[in-house]
Structure formats: C-alpha cells, structure tokens
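Enquirer: This structure is in structure tokens; I'll ask about it shortly.
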Amino acid sequence: MTLTLKKKRSPFFSDSFFRGFEHFPTLIEKESTELFPAMNLIEDDKRYIIELAVPGFAKKEFNIDVDDKRIIITADKEEKNDYKDDLYTRKEFSYSHFQRSFILPDNVDEKSIEAKFNDGLLRLKLDKIEIDDQVHMRHIDIK
C-alpha cells in the first residue's frame, strides 16, 4: 500500500478518519489470525474511492453499513470440509474475518455511496457534496 500526501490535505487524512492508522506497522508485525486487507484511498474533485484487496472472499460475505458518519466494512468467511472413508473421518474448517471502519469527512454524501466487488477488489465510491461551514458552528446565548 502506498499513500502519497499532496499539498492539499484531504479530510480522509485527518486524525479522526485514520484514528489508529499511525499504528499500522505494529498491527502487521503482530501474529494474528484476523485479516487486515491492504487499502488504497483515491480522491479527485468529485469523489473519494476506497479500495480493499480481499482475494478469496465472495460478494455475499461482505457487509457494509453507514451509521452516524462512520462506514463499517466487515467480511466473514467460513469453510468446512468433511472427508469420509471406510477407515476414518476427517473434518477441516477455517474461518476468516475482518472489519475496517472509517469516520467519513463532512463533505461525503452518505446516500450516494456505491460498492462494487470484482476479482478480489472491493471498491467503494463516495461522492462529495458542497458543505456550508456556517452550518457546523452557531452561537448559543446563555439565559
């Protein structure tokens, strides 16, 4: 994964969006069965795009929720194999899970978020909207 910061600072690179991201190398060094898929963030004038490399998963194994300016992406995969013979029975199983969540910038139109999955790549398109800075701040009179 390669992140390149431009002169213009994107809201996706704010502390709130990548909370915990600075510890990414530590997470990789730990031995864990939990997956942490590689991610790309792409921004242009009209949208943000999040790409997750998730080979081996199927479209039906993903769940994407948006709640209170947070997008949560989870996937669960369980495989079971039973081998039976006259002399023995062997059962094998595996379970894979991951969850990634992000705090969305204020200029994302939550209702227009689209997701596509193709060849092990999950791609989310998040359209930008114009925001009025005055809406976020208002004065409260003390009574």
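Read-outs: derived from the displayed coordinates by stated rules, not from any lab. Predicted model only: the values in this text are computed from it and were never measured. Backbone-built Cβ (ideal geometry, glycine too); neighbour counts: all protein chains shown.
Enquirer: Run through every distinct alpha carbon pair of region 35-131 and return the Kirkwood hydrodynamic radius in angstroms, one decimal place.
Expert: Working: mean 1/r = 0.0651 Å⁻¹.
It is 15.4 Å.
Enquirer: Going down the table (K60/K128; K46/K77; K77/K128; K59/K111), which pairs top 24 Å between alpha carbons?
Expert: On the way: K60/K128 27 Å; K46/K77 34 Å; K77/K128 32 Å; K59/K111 21 Å.
Too far apart for the 24 Å limit: K60/K128; K46/K77; K77/K128.
Enquirer: Could you give the size of the charge dipole of region 35-131 about its Cα centre, using +1 on the Cβ of each K and R and -1 on the Cβ of each D and E, expressed in debye and rounded to the nearest 20?
Expert: Working: 17 positive and 22 negative charges, 33 e Å.
Around 160 debye, computed over region 35-131.
Enquirer: Just going by the charge dipole of region 35-131, with Lys and Arg at +1 and Asp and Glu at -1 on Cβ, which of I42, A53, Y88 is farthest out on the positive end?
Expert: The residue sitting most towards the positive pole is Y88.
Enquirer: Just order 87-96, 121-130 by mean Cβ neighbour count inside 10 Å, highest at the front, would you? Write out the running numbers ahead of the final one.
Expert: Numbers: 87-96: 9.2, 121-130: 15.7.
Packing order, densest peptide first, comes out as 121-130, 87-96.
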